[in-house]
Amino acid sequence: MKKILIVLIVIFIAGCSNIHTSHGDEAEDIAGFINLKDYKPKRVEYELTKIGDDRLGPADYTLQAVAYFDPGTFEKLKSDCQSDENLNQFFNSNTFMFEWLPQEIKEELVTNKQNVKSYTNTKISANPNCEVCFLDNKILIYYFTN
C-alpha cells in the first residue's frame, strides 16, 4: 500500500513540475489571452509560461508582454481602459520589470515612475488577473491564471 502511495505522489509531483516557457513576437499566439480584435497592435513581444500539462487538472499560464500600437489605436485603448474604477491601487512597477524586456523600455518605466499607473479589469482582457501599464504608444501586460 505504501508503494502505491509513493508512486502516486511521484506522479503528482512530476505532473505539477512540468513548466514550459516560450518567447515570441506573433500576436496570434497570445490572442487567446488578450483582446487583439478591437486593439490590433503593430507589434508584440512576449514570454508565455505554461505550468502543468493538463493531465492532472488545468494548466496555469503567465503572460508577460509588450504590445506596440499606432497612435490612434493607442489613444482609443487608453480612453477605453483608463478609468478610476480600473486603477490598480496596489501598483508596483516591479511587476512589469520583465527580465527579457528591452533596456529602453525598462528605463522608460523607471524614468516615468511617478506618472505610470496600472489598470485591471480592462477591455484588453476579461481575466481579472490581467494588469496593463501604459507607456508611450505601448502597453506592458502581466496576465496570469491560477
*For the range 49-60, state whether one or more residues are modelled with pLDDT under 85 and under 15 Å from Asn137 (Cα atoms).*
no
*Please go through the range 25-52 and pick out each residue that is hydrophobic (A, V, I, L, M, F, W, C) and in a strand (DSSP E or B).*
Val44, Leu48, Ile51
*What number of residues within the range 65-117 satisfy the criterion of being modelled with pLDDT under 85 and of a type in the set (Phe, Trp, Tyr)?*
2
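Open to solvent by 30 Å² or more (accessible area, probe 1.4 Å) and either more than 17 Å from Tyr142 (Cβ to Cβ) or hydroxyl-bearing (Ser, Thr, Tyr) (or both): does that describe Glu26? Spell out how you get there, then give the answer.
Values: open to solvent by 30 Å² or more (accessible area, probe 1.4 Å): yes; either more than 17 Å from Tyr142 (Cβ to Cβ) or hydroxyl-bearing (Ser, Thr, Tyr) (or both): yes.
In short, yes.
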*Looking at the range 33-52, which of its residues are open to solvent by 20 Å² or more (accessible area, probe 1.4 Å), farther than 19 Å from Glu108 by Cβ and more than 15 Å from the chain's Cα centre (by Cα)?*
Lys37, Asp38, Lys40
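The values are calculated or read from the model by the stated rules, or taken from the named source; none is laboratory data. Since the model is a prediction, treat every value here as computed from it, not as a measurement. Every residue, glycine among them, receives a Cβ derived from its backbone with ideal geometry; neighbour counts consider all protein chains shown. SASA here: full protein model, heavy atoms, side chains in, ligands and nucleic acids out. Shrake-Rupley method; radii C 1.70, N 1.55, O 1.52, S 1.80 Å.
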